[in-house]
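Encoded as structure tokens, the structure appears first; notes follow it.
The values are calculated or read from the model by the stated rules, or taken from the named source; none is laboratory data. The structure presented is a predicted model; accordingly, all values stated were derived computationally and were not measured. A quick note on method: Cβ atoms are made from the backbone with ideal geometry, for glycine too, and the neighbour counts reach across all protein chains shown.
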Amino acid sequence: MAYRKHAYVLVFDGFDDHGVSAMLESVRNVAGYRVIAFGLTEAAVTAASGLRVLAEGSPDVIDLARAGLFVLPAGALWEQPQRNASRDLVTAAVTDLLQSFDEAAVPLAAIGSGVTALARVGLLDGVNHTAASARYLETHVPGFSSSGFYVPAAALSDQNIVTARPDAARDLAEEVTALLLHARFSPEQETTHAACAF
């Protein structure tokens, strides 16, 4: 199968594989992207389901020229205390990655607690978004100032960023696939809430 672009998904111990599995299947089979799992190290990780995952490599495997999507799954990692050394280390690495993808105009997708990573980097500033709740982001991202852009939707896309509530795996799949298909057939990016058929 000839893949158009690459969809990169960050995997780490405890990542919620259920939250992104339907979306990744659609990204691969409907949008025609190659799905590549990578970690911050090359060590195997254990998903929330207990599934053992060996990533294709560290961030070195990322080819920005072929990148078509970056996915941040949910996981307890994002909800650890602000001063937790492990979370801070991951946050620093993810910040660099997110900034690189954003500068390259690569669509970003996050579900549940993964949305906090976008908020911490400032990528939700002025962007319509959703999450578990507006209060959730304010609690887990001290200083977050874009609560006025929170939308109580299951999932939505705005300015190349797709966010979803923790229980909205199917809605995330629909929003991401619609965004990628729109990018495939139109030169312009726009907010979309269209559902796709599976």
| field | Residue list for segment 120-152, filter: closer than 22 Å to H18 by Cα and either among the charged types (D, E, K, R) or touching a strand residue (DSSP E or B) at 6+ places or on another chain (Cβ under 9 Å) (or both) | value | H129, T130, A131, S133, L137
| task | Only one of these is modelled with pLDDT of 95 or more, more than 18 Å from L77 (Cβ to Cβ), out of contact with any helix residue (DSSP H, G or I) (no Cβ under 8 Å at 6 or more places or on another chain) and buried (at least 16 other Cβ atoms within 10 Å of the Cβ): A178, A155, A104. Name it. | result | A178
| query | Which residues, counting only those in segment 96-125, are at positive phi and without any contact (Cβ under 8 Å) to a residue 24 or more places away in the chain? | reply | G122
| remark: The correct count of residues that are assigned to a loop (DSSP other than H, G, I, E, B) and either at positive phi or buried (at least 22 other Cβ atoms within 10 Å of the Cβ) (or both) in segment 13-23 is 2
| note | When every residue in segment 25-56 that is polar (S, T, N, Q) and without any contact (Cβ under 8 Å) to a residue 40 or more places away in the chain is compared, the one nearest to L97 (Cα to Cα) is T41
